[in-house]
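Worksheet: the structure to be examined is printed underneath.
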Amino acid sequence: MRLWQFVITGGPCAGKTTALSVLEQSLTQKGYKVIIVAETATELIKSGICPWEMENEQFQSILIERGINKEATTRKAATYLDRDTVIFYDRGLLDNKAYMTQEVFKKILQENGLTETEVRDEYEAVFHLVTAADGAEEAYTLANNKARTETLEQARALDGATRNAWIGHQHLRVIDNTTDFQDKIDKLLKEVYAAMGMPIPIETERKYLIKKPDEEELAKIEGITKVSIMQTYLHSSDPALERRVRQRGDGQNFTYYYTEKRAISGISRAENERRISQKEYIAFLLEGEKKIRKDRYCFIYNSQYFELDVYPDWENEAILEIELTDETQKVEIPTWIHVIKEVTDDPAYKNKNLAK
């Protein structure tokens, strides 16, 4: 049995209800069991537990505690099903960051025995649907959700704050309103299928050698999240198969992954990845042949999710990466980044070849 956990998030009136319905129908027809976990805040408000009747921290504490319990119960139920199962969460726990300060959010998580890294990396992928208030204003409405009260301006602000809360996740995808609504849903379907590896998981990536930015200035840019990464490459008897383990976190709290990759073309690779325990990670290290450490700065620009890797022993250069839906997708690089050259097809800039 395979289990996938996906978050469908976004700003007010982004199309999440329709998207979840389409996803459920499509995946059910393909033979998967689909579980949809309803948005916790809407449940509480409709039941009479309202944020405007108590302190915000009190409401958020109740909201997060209930969300943690719902997700744990859902995962437990999924383990009883003898079939491939997909869990879609209508908003995930990190969405709550948009409604409080970082300090309060961290405090509430600590009260529940969790860290932000643990919460963020529990899900295999996060799909952010941009609010209709940003690019499809004529479709923005409050009529289909009694818990929704935001104006266009408030909706856009919440959309940005919610999106930024998830920056740092390995597989964050932003679905905007540059097309009509049907194409928006079709794009989401394509992204979900890709995350599940149907029929085979393909990683399509472009990579650029860039002038190394000032890390202190990077940290000041709104919406950038820093992630510390240690990758260890493992022995493989098949030259075409790359095996690695990765430690990923904030310097204090970490999650661990085992990955296998096989080249398909210069830009695309078949990829299988799973999360592992710290104990498994340590055991895999015994097979390690070389490793590489880097600080990854994650950010969104024009609805595209970029990862900027800074290596400790590189004085003047860094690497910019972006994962694409397909090989023809256009890349819009931020104006503040100075590209030296594209190195997608250059084996010298593969992390495995840079490792020591």
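Per residue, how much accessible surface does the chain expose to a 1.4 Å probe? Answer in Å², no decimals.
Here the residues of the chain average 49 Å² of exposed surface.
Which order do you get for W166, W336, W52 if you rank them by accessible area with a 1.4 Å probe, largest at the top?
Ranking W166, W336, W52 by accessible area, largest first, yields W52, W336, W166.
Using 1/(1 + (r/R0)^6) with R0 = 41 angstrom and r between the beta carbons of K220 and N112, what's the FRET efficiency to the nearest 0.05?
0.85
Report the extension gain between A263 and L3 in nm, rounded to one decimal, defined as 0.36 nm multiplied by the number of residues separating them, less their alpha carbon distance.
Working it through step by step, the gained length comes to 91.1 nm.
For labels at R293 and Q102 in the simple 7 Å Cα→Cβ model, what's the distance in nm?
Modelled inter-label distance: 2.2 nm.
Taking the Cα centre as origin and putting +1 on Lys and Arg beta-carbons and -1 on Asp and Glu beta-carbons, what dipole magnitude results for the range 280-330, to the nearest 20 debye?
Roughly 140 debye, rounded to the nearest 20.
At 0.36 nm per residue, and after removing the present C-alpha to C-alpha distance, how many nm does the segment from S228 to T149 gain when stretched out fully?
Full-extension gain reported as 24.6 nm.
Assuming a viscosity of 1.567 mPa s and a temperature of 4 °C, what translational diffusion coefficient in µm² per second does Stokes-Einstein assign to the range 279-356, Rh being the Kirkwood radius over Cα pairs?
88 µm²/s
Report the charge-dipole magnitude of the chain in Debye, nearest 20, computed about the Cα centre from +1 at each Lys and Arg Cβ and -1 at each Asp and Glu Cβ.
With Lys and Arg at +1 and Asp and Glu at -1, about 1020 debye.
Could you work out the equivalent-ellipsoid semi-axes for the range 67-207, taking the square root of 5 times each eigenvalue of the Cα gyration tensor, largest first, in whole Å?
25, 23, 16
Which FRET efficiency, nearest 0.05, do Q252 and Y311 yield, Cβ-Cβ r, R0 25 Å?
Given R0 = 25 Å and the Cβ-Cβ separation, E is 0.75.
Give me the percent of accessible area attributable to carbon and sulfur for the chain, probe 1.4 angstrom.
Accessible surface attributable to carbon and sulfur in the chain totals 48 percent.
Of K187/K279; K107/K330; K294/K330; K211/K290; K187/K212, which pairs sit farther than 29 Å apart, going by alpha carbon to alpha carbon?
The pairs that break the limit, which is 29 Å between Cα atoms, are K187/K279; K107/K330; K187/K212.
With just the Cα atoms defining each centre, how far is the range 119-138 from the range 167-219? Give it in Å.
The two parts, judged by their Cα centres, are 12 Å apart.
Once the piece of chain linking A38 and S237 is laid out straight, how much longer is it, given 0.36 nm per residue of separation minus the C-alpha distance between them?
Working it through step by step, the gained length comes to 67.1 nm.
Taking every eigenvalue of the Cα gyration tensor of the range 22-62, multiplying by 5 and rooting it, what semi-axes result, largest first, whole Å?
34, 9, 6
About its Cα centre, how strong a charge dipole does the range 188-282 have in debye, to the nearest 20, once Lys and Arg get +1 and Asp and Glu get -1 at the Cβ?
220 debye
Efficiency by 1/(1 + (r/R0)^6): what FRET value for A283 and D345, r their Cβ-Cβ distance, R0 = 35 Å, to the nearest 0.05?
It comes to 0.55.
Hey, rough spin-label estimate for M54 and K211, points 7 angstrom out along Cα→Cβ, what's it come to in nanometres?
The modelled label-to-label distance comes out at 5.3 nm.
In a solvent-free Debye calculation with one equal scatterer on each Cα, what is log10 I(q)/I(0) for the range 151-286 at q = 0.13 Å⁻¹, listed in the order of the q values?
Normalising to I(0) and taking log10 leaves -0.82.
What number does the chain give for Rg over Rh if you use C-alpha atoms and the Kirkwood radius?
0.95
Can you give the three extents of the C-alpha atoms in the range 88-131 along their principal axes, from longest to shortest, in whole Å?
29, 22, 13
Which order, highest average first, do 27-34, 294-301 follow once you tally other Cβ atoms within 10 Å for each residue and take the mean per peptide?
For the peptides 27-34, 294-301, the packing ranking is 294-301, 27-34.
Rg(Cα) of the range 1-148 divided by 2.2 N^0.38 Å?
So the Cα radius of gyration is 1.09 times the expected 2.2 N^0.38 Å.
The values are calculated or read from the model by the stated rules, or taken from the named source; none is laboratory data. On a predicted model such as this, the values are computed, not experimentally measured, just so you know. Neighbour counts are summed over all protein chains in view; Cβ atoms, including those assigned to glycine, are modelled from backbone coordinates with ideal geometry. Side chains are part of the model used for accessible areas, which takes the heavy atoms of the whole protein and leaves out ligands, DNA and RNA. Shrake-Rupley method; radii C 1.70, N 1.55, O 1.52, S 1.80 Å.
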